[in-house]
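See structure below.
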Amino acid sequence: MILHVNHTRRDSAVPTTSEVVETLLGLLEEGTLEPTQYARIQVHLDWIQYRHNFREPVSVTRVPGCRDDNAVPLEIRIDGRQAAPGSLRELVRGALKPIAPEVVPGPGRIHLEDFCSFRRSVAWEFNRLYWSRLKDWEQATGRDYEKALPGGQSDAHHPQSITDSVGDFWTLLKDLQSRNQLPEEVFVLEMGVGTGTRAGMWLDRFLALDQQRETKFYPRLRFLLGDYSLATLERSRAAVKNHLDQCSFIALDALDPIRTLSFLRHKILHVHSSNMYDNLPDEEIERRDGRIFWVQVRAYLPTAEAARIGEACDVPVSQIAKTVNRLLDVGPECLPDHSRGVQFWQEIWAALRLEERMVAVEDLQDSPFPAALNSAQLDDILSEAPSDLRFQLSSGALESFRNTLPLLHPRGYLQVQDIFVTDLNEYSMGFHGPGKLEGSIVNWVNGALLREVAERAGYDLHFAPFPYRPGSRTSVLYTTQRE
Amino acid sequence: MSLPILPTTVVGSYSMPGWLERLKTEYFARRISRHELDEIHDTVVKAAIKDQEIAGLDIVSDGELRRDNMIDYFVERLPGVQIDRSSKKFYYDFYDCEVVGKIPMAPLGLVNDFRFLRENTEREAKICITGPHSLTKRIRNKHYPSEEALATDIARVLNMEMKELVKAGARFIQIDEPYYSGFPEDFSWGVEVLNTLVEGVNATVAVHICYGNRYGKPSWAGNYRYLFPAILKAKVQQLSLEFARRGGEDLELFREFSVPFEVGVGVIDVKAEEVETPEIVAARIRKAAQFVPPERMIVLPDCGLFHLPRDVAFAKLRAMVQGARIVRKELGH
């Protein structure tokens, strides 16, 4: 048995390694586990970061490819935040039975989909619903979504960070001007605009600096606010009301901005986003014993939870799955009473879980990787990674990144404030997501893969800690031209 | 072999397949031998030539598929340039290299590349050479008193190679100098270096100046005004520039200045995968013809096709040839 202790800090709430070993030995002694199976178990202790996530306290996955059912290697993952000390034995026993061919489901689940890649999961439909009906959610909770962020506010709005960003950009414009290369129109793109607060603050400071230094750059400025949610774009308008002549509001697919903005290819001098990559569809890959596996998921609701929600919202349990589909189609109006519809939405989201199975990647070359990545690049990066590893592919972030770079002017740069895993070894110290943040999904972004993609696209990628708020987990990704 | 009006050609490189990239990297990882890589190169060069012929080009190249990139293929051959061979992970990366003494005169071996090209096509053949200014910008100078001095010595070595190419039958030689657009202040001495390079070379010599195409994206911004009037002193026969991606604003320069050479007009955007239609190409040629007489115009892409997928590169070349034919017909040819 291999026990991966992923956490790096003592936490009294997390089961101890001795408790894990004692539990599994006990299950071996009582015959729940076969000796051959026991020998090949890999246990990941405290592997999930977010308190609100999609997992059971203990989940068990079979590693496919073994003909002897009694010897099938198992992966046991223990969420330290949910698995209370003393409860481990029952939780593991519950997760182990009944054993199905490919997955070990618990009893009493209402499935909402078939197994699929996480990026195709219905979970992302909930995420989309959240952003398109944000106002409904916030009215029900009485809380702005930013209040749910660590620290209660977005690092994107930090005044000094914005002042420094404006200063750097002004310096670039001045340099271009000195080389007689300043474009007639100076394009800046903010992707994923949130409340528009950052855009408004950035424009205020840019105008002030331009006036102070009498450089007359501001009239040339074309500030593009891009978001896939029309509701979000509309809401951001108020925050930039003093600069509307400089602003354009553009509905664009965060995964493919060049498609909408192809007329600005090689023309944008600065692209910025914050907390957008962590909210783009993702999928996961695991390497175990030298083999590569896709991690597939299947969304479900625990039947007991579904029954409770159904009773509270006046929906028969037999109609829960159908009503969830309707919720994702039309929003809270899936129920006649709007407030009850919102309640249904929020409770279903809170109860939503994902079970998993591993599917062997038979041929890496023919695997459906995101467009930005090919098998050779993945091979390269895995050659320097720990041998047994589960990591995020960050498909959405990779695609967005790849499809943003062609917008950059030769002297342009991309800055992304987000939560990044910058080295694959970090996955040995906890798996960073996915979690639930209000009604949305939050997920760490695989910066190591982004770096690889960037290099092949002609950019060096750098990650700097966000220095403006002590304790912030945010990093700042920025690009420089690769020679 | 006579060429039609508005002759069509490539700037040099042809599409580099992903599998060839991987094989080149395998070579750097010592997993395939030099001999195997040479065989692979011969095969892909033949395929690149064939594609250009099928597309209908009047002047073809070897696609530059033997080259890791436009710099390393030359610094590896330049005597006296010291290379840190551990300095690149991916074949396309640049070597770190430096010059610590005077560069001696020695052959670079490009004649073999040209002979292979010549043996495998009946069309007019063109070979491309990275110019001394661009090479100077990538070689750390630890010997010469100035970049100009280093570039001049590189020009002397390249000049000898160009004469050898002419002896081997080369009639069209192109010099690639994209770095001028990144360092326009160098162009004042760059023209003299250019003239050292082409002195006594009895061939049609073109100089290609674009805004960079490394990784399939522009490296620099600006406009071509920096070339004028200094470029008028260049003793070359053709000047090849990038117009498709950037629009035709700089064509005005050819109204402002009377240039003594033919002009290669870029009519294919090599930094976008959308394939131009023959009609778009024809329109670009017609626009250029308002500033450059058609009988002094060469039709080509903005730069090399290296970064484009093969099917896209081929379709673009085919559209370029068809577009040129449309205008030829309009001109009565």
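Here B:His333 meets the list (1) touching a strand residue (DSSP E or B) at 6+ places or on another chain (Cβ under 6 Å); (2) surrounded by fewer than 19 Cβ atoms within 10 Å (Cβ to Cβ) almost entirely, failing just condition (1).
The number of residues in segment A:387-420 being out of contact with any Leu (no Cβ under 9 Å at 6 or more places or on another chain), over 30 Å from B:Gly222 (Cβ atoms) and part of a strand (DSSP E or B) comes to 1. When the criteria are applied in full, A:Val445 fails the requirement of being within 14 Å of chain B (Cβ to nearest Cβ), in contact (Cβ under 8 Å) with a residue 60 or more places away in the chain and either of a type in the set (S, T, N, Q) or closer than 29 Å to B:Arg214 by Cα (or both). Considering every residue within segment B:81-96, establish whether at least one is at positive phi and part of a strand (DSSP E or B). No, the conditions are met nowhere in segment B:81-96. Selection of segment B:272-282 for residues being farther than 13 Å from B:Val321 by Cα and either among the small types (Gly, Ala, Ser) or buried (at least 23 other Cβ atoms within 10 Å of the Cβ) (or both) yields only B:Ala272.
Just one of the listed residues (A:Phe249, A:Phe263, A:Phe223) is assigned to a helix (DSSP H, G or I), without any contact (Cβ under 8 Å) to a residue 60 or more places away in the chain and either within 21 Å of A:Glu125 (Cβ to Cβ) or not aliphatic (A, V, I, L, M) (or both), namely A:Phe263. One residue stands out among those in segment A:1-47 that are touching a residue at least 60 places away in the same chain (Cβ under 8 Å) and farther than 20 Å from A:Met429 by Cβ: the one that is surrounded by the fewest Cβ atoms within 10 Å (Cβ to Cβ), which is A:Gly26.
Scanning segment A:375-402 for residues that are in contact with a Lys or Arg (Cβ under 9 Å, 6 or more places away or on another chain) and either within 12 Å of another protein chain (Cβ to nearest Cβ) or among the hydrophobic types (A, V, I, L, M, F, W, C) (or both) yields a count of 9.
Just checking, does segment A:411-434 include any residue being within 14 Å of chain B (Cβ to nearest Cβ) and crowded, with 21+ Cβ neighbours inside 10 Å? Yes: segment A:411-434 contains one or more residues that are within 14 Å of chain B (Cβ to nearest Cβ) and crowded, with 21+ Cβ neighbours inside 10 Å.
If you go through segment A:453-468 and pick out every residue that is at pLDDT 90 or above and either within 14 Å of chain B (Cβ to nearest Cβ) or on the phi > 0 side of the Ramachandran plot (or both), you end up with 8. Would you confirm whether any residue within segment B:30-42 is at pLDDT 95 or above, under 18 Å from B:His307 (Cα atoms) and in a helix (DSSP H, G or I)? For segment B:30-42, residues at pLDDT 95 or above, under 18 Å from B:His307 (Cα atoms) and in a helix (DSSP H, G or I): present. Is it true that B:Cys97 is within 30 Å of A:Arg482 (Cα to Cα) and within 14 Å of chain A (Cβ to nearest Cβ)? Judged against the criteria, B:Cys97 is a match. Looking only at residues in segment B:13-52 that are within 14 Å of another protein chain (Cβ to nearest Cβ) and without any contact (Cβ under 8 Å) to a residue 40 or more places away in the chain, the one that is nearest to A:Leu373 (Cα to Cα) is B:Gly18. Consider segment B:206-233 and keep the residues that are under 12 Å from the mean Cα position of the chain (by Cα) and not small (Gly, Ala, Ser). The one that is farthest from the other protein chains (Cβ to nearest Cβ) is B:Val207. So is B:Thr9 in contact (Cβ under 8 Å) with a residue 24 or more places away in the chain, crowded, with 17+ Cβ neighbours inside 10 Å and within 14 Å of another protein chain (Cβ to nearest Cβ) or not? No: the conditions fail for B:Thr9. Can you name the residue in segment B:234-244 that is buried (at least 20 other Cβ atoms within 10 Å of the Cβ) and either within 14 Å of chain A (Cβ to nearest Cβ) or in contact with a helix residue (DSSP H, G or I) (Cβ under 7 Å, 6 or more places away or on another chain) (or both) and, of all such residues, is farthest from B:Ile173 (Cα to Cα)? Ranking the candidates gives B:Ala244 first. Candidates in segment B:170-219 are the residues that are touching a Cys at 6+ places or on another chain (Cβ under 7 Å) and assigned to a loop (DSSP other than H, G, I, E, B); of these, the one that is farthest from A:Ala457 (Cα to Cα) is B:Cys210.
Among the residues of segment A:435-483, those that are hydroxyl-bearing (Ser, Thr, Tyr), part of a loop (DSSP other than H, G, I, E, B) and either surrounded by fewer than 18 Cβ atoms within 10 Å (Cβ to Cβ) or more than 18 Å from the chain's Cα centre (by Cα) (or both) comprise A:Tyr468, A:Ser472. Cβ-Cβ contacts under 7 Å between residues 6 or more apart (or on different chains), taken from a first residue in segment B:155-182 that is touching a residue at least 60 places away in the same chain (Cβ under 8 Å) to a second residue that is of a type in the set (Lys, Arg), are listed as B:Phe172/B:Lys126; B:Gln174/B:Lys126.
Just wondering, is there one or more residues in segment A:473-480 that are under 21 Å from A:Gln377 (Cα atoms), within 14 Å of chain B (Cβ to nearest Cβ) and at pLDDT 90 or above? Yes, because at least one residue in segment A:473-480 is under 21 Å from A:Gln377 (Cα atoms), within 14 Å of chain B (Cβ to nearest Cβ) and at pLDDT 90 or above. When the test is whether a residue is part of a loop (DSSP other than H, G, I, E, B), within 33 Å of the chain's Cα centre (by Cα) and of a type outside the set (Asp, Glu), A:Val193 passes it.
Here A:Asp329 clears all of (1) over 28 Å from A:Ser132 (Cβ atoms); (2) not in a loop (DSSP other than H, G, I, E, B) except the condition numbered (1).
The values are calculated or read from the model by the stated rules, or taken from the named source; none is laboratory data. Quick caveat, the model's predicted, so the values are computed rather than measured. No Cβ is skipped: glycine too gets one built from the backbone with ideal geometry, and neighbour counts run over all protein chains shown.
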